[in-house]
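Inspection log for the structure reproduced underneath, given as structure tokens.
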Amino acid sequence: MDPSQSSDSSGVMTDATDNTYLRDAVMTASPEQLQLMLYDGAIRYARQGRDAIEAKDFETSFDRLTKAQNIILEMSHGLNHEINPTLCKQVASIYDFLYRKLVDANLYRDVSAIDDALKVLAIERETWQMLVDKVAKAREANIAIDPLNDAPTEGVLTSGFSVEG
């Protein structure tokens, strides 16, 4: 095997450089960028699952849709209901919808269920991107903001962000 290549858990050959890049990107990303990366991953795997169903490659579709489901579960488990219970309940219901659609797609090889999930994921990703942009601008200006209502907050933003209500 070429030393610049390795195999992932499924035995697929991957470039070690790609793995290093991904590891570095994750390790240096802000919390809000990590969330965006999760949305990107869920969308990518759902699309791959959809393509595999259309190609009648059901083993690959199962694998990719399961990966998308796992990402949604992780995002759901990452909600901190102590900070803003109302918002977390609303977001959890979106994640529940997405998870159920992806499970249905996997069980019934239902492309329309994937399409439903992808529509919602695209909206959620776009919304999250707006939040990432807003937080980045606030960091550049060295001010803290409440991302839920665009209002500056007391103090200086040092790291992370809060969605406290």
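Can you give me the C-alpha center-to-center distance between segment 29-58 and segment 93-137, rounded to a whole angstrom?
Here the two parts' Cα centres lie 10 Å apart.
Between Leu73 and Ala136, with labels modelled 7 Å along Cα→Cβ, what's the label distance in nm to one decimal, could you check?
Label-label distance for Leu73 and Ala136, simple model: 3.2 nm.
Give me the number: length gained by fully extending Arg44 to Phe97, i.e. 0.36 nm times residue separation minus the C-alpha to C-alpha distance, one decimal in nm.
Answer, rounded to one decimal: 17.3 nm.
Sort the following peptides by mean Cβ neighbour count (other Cβ atoms within 10 Å, averaged over residues), highest first: 58-65, 131-138.
58-65, 131-138
Using a Förster distance of 30 Å, how high is the FRET efficiency between Asp115 and Ala25, based on the Cβ-Cβ distance and rounded to 0.05?
My answer for the efficiency is 0.55.
If the reach is capped at under 19 angstrom between alpha carbons, list the lysines near Lys119, excluding any in the same chain fewer than eight residues apart.
Of all the lysines, those that pass the test against Lys119 - Cα under 19 Å, at least 8 places apart if same chain - are Lys67, Lys101.
Using the basic label-point model (7 angstrom from Cα toward the beta carbon), what is the Ala55 to Ile83 distance in nanometres?
The two pseudo-label positions are separated by 3.8 nm.
None of the figures in this text is laboratory data; all of them are computed from the coordinates on show. The structure presented is a predicted model; accordingly, all values stated were derived computationally and were not measured. Positions of Cβ are generated from backbone atoms using ideal geometry, with glycine treated the same way; all protein chains shown enter the neighbour counts.
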